[in-house]
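Peer 1: I'd like to ask you about the structure that follows.
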Amino acid sequence: MAGTTVDSELNAERGQPCPRDRSFQARADKAVRAPQAPVDFRLAQFSDDPAIRGLLRRNPMPGAISLTFEREPSFFAATGLAGAADQTILAFDRERLVCLGRCSIRRRYVNGVAKQVGYLTDLRLDASVQGRFDILRRGYKFFQTLQDSKPADHYFTSIAADNERSLRFLERGVPGMPHYEFISNFFTLLLPVRRKLAARRRPPEITTVASGSEERLPEIVQFLNEQSKRYELAACWTTDDLLGLQHIGLPLSDLRLATDGTNVVGCAALWDQRNFKQTVIRGYPGRVLVARPWLNLAAKLFGTSRLPPIGATLAQAFLSPLAVTEGRDDILHTLLEQALQQAATRGLEFLTLGFGAGNWKLAFIRNHYRCREYQTRIYQVTWPETDLAPRHRSAGFQTCRADFQSANHPHSQSTSASSQPSPDRTIFPEVSLL
C-alpha cells in the first residue's frame, strides 16, 4: 500500500537494484529540492469517481503475485464504512489524476479507551510520474493542513513487510515527511475453503450458535466492545455502525452468535465485500503461470482453492466482525468451521482474517489450519514539528507503543516487572475495515 508507492517514487525505473543507504538518502533529499511541474491537490468529489477507479486499475501492487485493489462500481461505496469519517486527497498533473491517498477516521481503542484514530490507506502513485517524490511530500503537507483544525488523536498505517526499501526509507525519515514509528507486525491469513467438508474434523458441540437480530443488537455491540478493549486499535462499535452495514452486504442475520446458554461468548460474520471492493489478479511469476493448470487440477481433486486466472477477482470474504471470549479456542473453532461451510456454499475460495503478533487466535489458526499469510508492519504516523504533535504524543499512546515494542522485541530490557506488556495488549484493527 503506502510502502509500494514510496518504493516506486524513489526508483524511477522498474527493476532497479536496491541502492545503498547513503545513495538512497541522497536521492530522496535531491527529489525534495528539485523543481517540478505544478501539481494541484484537492479533496475528492463524486465527479472524480471514474478517474479514481482508473488509477487503481492501472497501477498494480508488485509482489510475488501482482494485484490491483479496485473499487467497482464506485470508489465512494467503500468509504465511510461502519461510521468512519473519510477524506480522500487527489493530486492532478495537468488535469490528469496521478496520486491519491485516503484517511479513514473512526473510534478505536487505545489502552482501553475509545479514541479518534485515523488510518492512512489507499496511497497510489501513477506509473507516469515515477520519481516525483515532491508529489508525495506535498500530498502529506496538504493532508496535514486539512487535519490541523480538527485532528484525530492518533494516526497509523500499514506497509508490506517485504518492501525493504520503503521500510528503510520511512523509518529513516526525510525532510517534509511525517515520522513513522513501528508498532507491531500484522498478519493477514487466507484460509482455503475446502469443497469436501466431510473430511474436516468437527469441533465439539458445546455451544449454541444462532443468527443475529435487531433485538439482540445491543447485546452484540456490548460483547464486541468488551472484547475490543483488550486490544489496541480495535474498532469501537455502535448499533448504528452495524445497522449501516446492511446496505453493503452484511445483514444482521449473517452475524453468528455463540452462547453458553445465557451469555454471548463469541461473534463472527462472513462479510463478502466484492460488491464494492475487489482484489484482482494481475500477474503470476513465470513458473507459477506455467504450472497453474496442473496446480488447479490438483486443487479440484483435493477440494482445495484454485489459482484464479489473470484478470479475475479473488473470491474471498472476511470473517469480520470477530470476537471470542479470551482463551476460548473451542468457540473460535466452532465459528471458523461454520464460516468455512457457509463460504463453501457461496462459492468462495478463501476466508480472510487478520491478527497482530501475539494474538492467541493467530496461534490457534496456525496450529489447526493450513493458510497463506501476508505480513505487514503497522506504524504510528506523526508530524513532530507541527500543531498536530501534542495530540499524537499523549501519554496513553506512548504507553501503548512501549508495550508493543516490548511484545515484538523480546530481547529488550524492562526496568520493572510492572512494565511488562499484558498478553492481551496486541493490535486488532479489524482487517475488513483496513
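The values are calculated or read from the model by the stated rules, or taken from the named source; none is laboratory data. Keep in mind that what you see is a predicted model, and the values were worked out from it rather than measured. Note: ideal-geometry Cβ built from the backbone for every residue, glycine included; neighbour counts use all protein chains shown.
Peer 1: Take residues that are aliphatic (A, V, I, L, M) and surrounded by fewer than 14 Cβ atoms within 10 Å (Cβ to Cβ) and tell me which of the helices (runs of 4 or more DSSP H) falling wholly in the range 202-305 contain 2 or more.
Peer 2: 286-302
Peer 1: Quick check on my filter: what residues within the range 87-108 are crowded, with 16+ Cβ neighbours inside 10 Å, over 14 Å from ASP241 (Cβ atoms) and not β-branched (Val, Ile, Thr)?
Peer 2: GLN87, LEU90, ALA91, PHE92, ASP93, LEU97, CYS99, LEU100, GLY101, ARG102, CYS103, listed by residue number.
Peer 1: Six or more apart or on different chains, Cβ atoms under 6 Å: show the pairs whose first residue is in the range 47-66 and closer than 18 Å to GLY283 by Cα and hydrophobic (A, V, I, L, M, F, W, C) and whose second is in a helix (DSSP H, G or I) and at pLDDT below 95.
Peer 2: MET61/THR4
Peer 1: Examine the range 18-25 for a residue that is over 19 Å from the mean Cα position of the chain (by Cα), surrounded by 12 or more Cβ atoms within 10 Å (Cβ to Cβ), at pLDDT 50 or above and assigned by TED's automatic domain parsing to the domain that holds GLY139, and state whether such a residue exists.
Peer 2: Within the range 18-25 (the criterion being over 19 Å from the mean Cα position of the chain (by Cα), surrounded by 12 or more Cβ atoms within 10 Å (Cβ to Cβ), at pLDDT 50 or above and assigned by TED's automatic domain parsing to the domain that holds GLY139), the answer is no, since none of the residues qualifies.
Peer 1: Just name the residue that is modelled with the lowest pLDDT out of those in the range 148-181 that are surrounded by fewer than 20 Cβ atoms within 10 Å (Cβ to Cβ), within 25 Å of LEU67 (Cα to Cα) and in contact with a strand residue (DSSP E or B) (Cβ under 8 Å, 6 or more places away or on another chain).
Peer 2: The qualifying residue modelled with the lowest pLDDT is ASP162.
Peer 1: Output yes when any residue across the range 312-319 is farther than 27 Å from ARG58 by Cα and buried (at least 20 other Cβ atoms within 10 Å of the Cβ), and no when none is.
Peer 2: Checked the range 312-319: at least one residue is farther than 27 Å from ARG58 by Cα and buried (at least 20 other Cβ atoms within 10 Å of the Cβ).
Okay, residues lined up against (1) basic (Lys, Arg); (2) at pLDDT below 50; (3) outside any strand (DSSP E or B):
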{"position": "GLY358", "(1), (2), (3)": "no, no, yes"}
{"position": "GLU373", "(1), (2), (3)": "no, no, no"}
{"position": "ARG377", "(1), (2), (3)": "yes, no, no"}
{"position": "PRO384", "(1), (2), (3)": "no, no, yes"}
{"position": "ASP387", "(1), (2), (3)": "no, no, yes"}
{"position": "GLN398", "(1), (2), (3)": "no, yes, yes"}
{"position": "ALA402", "(1), (2), (3)": "no, yes, yes"}
{"position": "GLN413", "(1), (2), (3)": "no, yes, yes"}
{"position": "PRO423", "(1), (2), (3)": "no, yes, yes"}
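Peer 1: So which residues in the range 316-345 are at pLDDT 95 or above, more than 21 Å from TRP237 (Cα to Cα) and not in a helix (DSSP H, G or I), if there are any at all?
Peer 2: GLN316 - this is the single residue of the range 316-345 that is at pLDDT 95 or above, more than 21 Å from TRP237 (Cα to Cα) and not in a helix (DSSP H, G or I).
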